[in-house]
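Input: a single structure, listed below in structure tokens.
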Amino acid sequence: MEEIKIQAVCGFGCGSSLFLRIKIDNVLSAHGLKARTFCGDVGTCCSADCDVIFISAELGERIKDRAKVPVVIINNFMDDKEVSEKVLAYFDTLKK
């Protein structure tokens, strides 16, 4: 399997997306999964080279019709359980 590229997105690509990226990295590390994670902003995220976009519900509505990759909605960036479940669920889809 080639390297998975995960984009964490927020409004400007430098605040909550960094927080979300760290949360995703923690899940990957805890489960022995490999991926390259990076931050992006809502205005340019659909043109970035990635395999999946993790984003808030509010911003996800703005890109869902333009994205060419799966868009995973995170309702609460502070909720470790939600982030973990959604990251692992995405990786499960890769096995099919």
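Descriptive notes on the structure:
- The chain - accessible surface per residue (Å², probe 1.4 Å): 58
- Carbon/sulfur fraction of accessible area - the chain, other protein chains in place, 1.4 Å, %: 53
- Cα pair distances exceeding 17 angstrom across segment 23-96, given as percent: 44
- Hz values of 3J(HN,Hα) by residue in segment 60-74 - Karplus curve (6.51, -1.76, 1.60), Gly and Pro given as x: x, 4, 6, 10, 4, 8, 9, 5, 9, 10, x, 10, 9, 7, 10
- Annotated for the chain: lysine pairs at least 8 residues apart or interchain, Cα distance under 20 Å, count 20.
- Loop exposure criterion: GluC sites (Glu not before Pro), DSSP state outside H, G, I, E and B, at most 10 other Cβ atoms within 10 Å. Applied to the chain, the longest stretch between such sites is 4-96.
The values are calculated or read from the model by the stated rules, or taken from the named source; none is laboratory data. All figures in this text were calculated on a predicted structure; none of them were measured in a lab. FYI the Cβ positions are ideal-geometry reconstructions off the backbone, even for glycines, and counts take in every protein chain you see. Heavy atoms of the whole protein, side chains included, go into the accessibility calculation; ligands, DNA and RNA do not. Shrake-Rupley method; radii C 1.70, N 1.55, O 1.52, S 1.80 Å.
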